[in-house]
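Following: one structure in structure tokens, then a few remarks.
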Amino acid sequence: MVLMTLKPWLAISILFSFFISNIIGAFVGINIGTDVTNLPPASDVVALLKARQITHVRLFNADAHMLNALANTSIEVIIGVTNEEVLGIGESPSTAAAWVNRNVAAYMPGTNITAIAVGSEVLTAIPNAAPVLVPAMNYLHKALVASRLNNQVKVSTPQSMDVIAKAFPPSTATFNSSWNSTIFQILQFLRNMNSYYMLNAYPYYEYVHSDGIFPIEYALFQPLSAVKQIVDPNTLFHYVSMFDALVDATYNSIEALNFSDIPVVVTETGWPWAGGSNEPDATKENAETFNNNLIRRVSNDTGPPSQPKIPINTFIYEMFNEDKRPGPISERSWGIFSTNGSDVYTLGLGSSDSISDNSSTAFCVAKPGADENKLQDGINWACGQGRANCSAIQSGQPCYFPDNIQNHASYAYNDYYQRMHSLGGTCDFDGTATMTTQDPSSRTCKFTGSSNSGGGMFPPAAFGPIGATSQSSTIRSPVIAYTMVVFLALLILDVNAHFVF
């Protein structure tokens, strides 16, 4: 039996992370690669992140300049163990401990490191390292425990879609059987350590390799015509984007190995903006369309059809073009910024109103005099299969009154439409809905899309992947949550933070 005194900053950090994870929705972060000829100084990179309100970054290594520059910014950071380092760490606990001391403990709490990504697509990129991958993860976790950082820093390992044998239909997706033993151990580790699955999912590559089976609109989050709808024949789930289908294929592959409650975080996705003569789909127009629609999609705070309550936290690949990378032109053309800080193409970063889900001046509302049974059916669909956020029209919530089916249908219809119209959602509801430019909001009830409802493309910081919590159980008031954090932190400090193990 050991008596341990918890450091004050650590106690407050744990409490704050615990509560804030239930306050804030999904986030869109960015990958920062370093194979760049004229990489700006780390201080300039961080200044650009702050100017664009980017709150989450992933580094492919543990670059000291970047980690120092990110100190005291509150930006959440995933740092990477390179593929070259995996073998050494997986064979030596002392090497793992030294790596954590040098690259994690030395920078915390100033730099907000939240996860370690062990390697990059190890199983398919360096399969000879597969036997030591999970040992490496375990050794790093034990080193974090020894440094009392395991509550703030998760350990996981990014994998590509290539570890899944067949992604469509998503309901029957399974991991490639040749990797089952290693992937089972990875999932066991993630579940036991309350971590998350890191997925690198690229609709660009899936589309290019599909030989015309899937339309490009599907890959770009664009509306599909009635004859092009993508439906899983087993679940009858409609997939409005390839991105959603890839994430669902991963969830179903995890479930096929009898694991659940392991969130999926997309650690890489994007679209190249330039390519060679044999890469006609790598264009600025497509890259701009994909990434802007991706931001919209993630920001609606819903998951894929099989996991609608688990938002899809996502990192765009990547910040700058890595022009030193070998291969075709497209491999060097994923950056969304030039090294001078200018945009490669227009992207809805920060609080830009030009593409925000909250920038619309058109609202979808219930038609006056519509049949009440049809309105109720419409509410049930919008709040269920349509994945609208209907918490505001529950009893005691700001949009409950006036308590009539017309008002509730208008709110539900509009929330669905604002979230989904860019992905093909319509304002019809069996003829019971209509569009209006008149803002239906009241002083106490703000409809989604209202110019008074706030919002922005990149949500405020979210601390880790959001679990499958219901809307009713989520703490939505930052003031209340902050008060709870402060109260409990003071309570811990008052009793000198003694815990008995």
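The values are calculated or read from the model by the stated rules, or taken from the named source; none is laboratory data. This is a predicted model, so every value here is computed, not measured. So basically every Cβ, Gly included, is an ideal-geometry build from the backbone, and we count neighbours across all protein chains shown. For the accessible areas, the whole protein counts, side chains as well, though only heavy atoms, and no ligand, DNA or RNA atoms are used. Shrake-Rupley method; radii C 1.70, N 1.55, O 1.52, S 1.80 Å.
Quick notes on this structure:
- Local electrostatic count at VAL344 - Lys and Arg +1, Asp and Glu -1, tallied over other residues with Cβ under 14 Å: -3
- Between region 182-237 and region 385-437, the Cα center-to-center distance that results, in Å: 28
- Violating pairs (Cα-Cα greater than 24 angstrom) within the set LYS309/LYS446; LYS142/LYS309; LYS154/LYS309; LYS228/LYS309: LYS142/LYS309; LYS228/LYS309
- Sequence-distant residues sharing a close amide H with ASP323 (under 5 Å, placed H): THR37
- Within-14-Å neighbourhood charge of ASN101 [Cβ basis; K, R +1; D, E -1]: +3
- The protection proxy used here, the mean number of other Cβ atoms lying within 10 Å of each residue, ranks peptides 242-253, 405-416 as follows, highest first: 242-253, 405-416.
- Largest-first ellipsoid semi-axes for region 60-144, taking √(5λ) over the Cα gyration tensor eigenvalues, angstrom: 23, 14, 9
- Hull shadow area, averaged, region 177-298 [alpha-carbon convex hull, nm²]: 9.1
- Probe 1.4 Å - accessible area at ASP63, Å² to nearest ten: 40
- Total formal charge among the other residues, if their Cβ is under 13 angstrom from that of ALA125, Lys/Arg +1 and Asp/Glu -1: -4
- Rg then Dmax, both in Å and based on the Cα atoms of region 376-431: 10.7, 32.
- Long-range amide H partners of ILE316 with built H, under 5 Å: GLY29, ILE30, ASN31
- Region 149-235 - Debye-derived log10 I(q)/I(0), Cα point model, q = 0.21 Å⁻¹: -1.09
- Under 5 Å between amide hydrogens, built in the peptide plane, is the criterion, and for GLY80 it picks out LEU59, ASN61, ALA62, ALA117 among residues at least 5 positions away or on other chains.
- Accessible solvent surface per residue of region 168-209, calculated while the other protein chains remain in place, 1.4 angstrom probe, Å²: 42
- Working note: Karplus 6.51/-1.76/1.60 with θ = phi - 60° gives region 316-329 the couplings 6, 9, 7, 6, 10, 5, 8, 6, 8, 6, x, x, x, 4 Hz, where Gly and Pro are set to x.
- The listed residues VAL57, VAL227 rank as VAL227, VAL57 when sorted by accessible area, largest first, using a 1.4 Å probe.
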